[in-house]
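Enquirer: Take this structure first; my questions come after.
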Amino acid sequence: MKPIKTESDHSAALREIERLWGAKEGTAEGDRLDVLATLVEAYEETHFPIDFPDPVEAIKFRLEQQGEDKKALVGVIGNRTRVYEILRRDRPLSLAMIRRLNAKFHIPAEVLIRPVKVKKKRQAA
């Protein structure tokens, strides 16, 4: 077994994982599977990073997944006006909102703490 440094190494490791899939834990094959999976994960995190989604898009997606609409956010984010301010990006999420969204909808805090691109208000000329 060796570190995964190239795409060829990565492909070979994936083939070996597929071959070992289902190996019993605590066996030599099971241990080999665990080590290969760890190596592949480290390689993929470096070479194929996945960026977190935008917080507002993540909230909308979770609502859709759960068959809910924006009304489900009232009381979690704040009143109806506050919910619409957040969803229109007129206002960023506060720490308290992030905590409540995480607790109620199980949206990862790592996603919610990302900056929301707040719309700039027009200044009168």
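Enquirer: Looking at ASP69, is it surrounded by 12 or more Cβ atoms within 10 Å (Cβ to Cβ) and not hydrophobic (A, V, I, L, M, F, W, C)?
Expert: For ASP69, the condition - surrounded by 12 or more Cβ atoms within 10 Å (Cβ to Cβ) and not hydrophobic (A, V, I, L, M, F, W, C) - is not met.
Enquirer: Examine region 33-42 for a residue that is among the polar types (S, T, N, Q), loosely packed, with under 12 Cβ neighbours inside 10 Å and more than 30 Å from ARG88 (Cβ to Cβ), and state whether such a residue exists.
Expert: yes
Enquirer: Of all residues in region 96-125, count the ones that are at pLDDT below 95, more than 18 Å from ASP54 (Cβ to Cβ) and not charged (D, E, K, R).
Expert: The qualifying residues number 3.
Enquirer: Another one. Those residues that are surrounded by 14 or more Cβ atoms within 10 Å (Cβ to Cβ) and either in a loop (DSSP other than H, G, I, E, B) or touching a Lys or Arg at 6+ places or on another chain (Cβ under 7 Å) (or both), I need them from region 93-104; list them, please.
Expert: Selection gives LEU93 alone.
Enquirer: Restricting region 72-89 to residues that are part of a loop (DSSP other than H, G, I, E, B) and in contact with a helix residue (DSSP H, G or I) (Cβ under 8 Å, 6 or more places away or on another chain), which is surrounded by the fewest Cβ atoms within 10 Å (Cβ to Cβ)?
Expert: If we take residues in region 72-89 being part of a loop (DSSP other than H, G, I, E, B) and in contact with a helix residue (DSSP H, G or I) (Cβ under 8 Å, 6 or more places away or on another chain), then ARG89 is surrounded by the fewest Cβ atoms within 10 Å (Cβ to Cβ).
The values are calculated or read from the model by the stated rules, or taken from the named source; none is laboratory data. All values derive from a computational prediction rather than experimental measurement. Because the Cβ atoms are built from the backbone with ideal geometry, glycine has one as well, and the counts that use them run over all protein chains shown.
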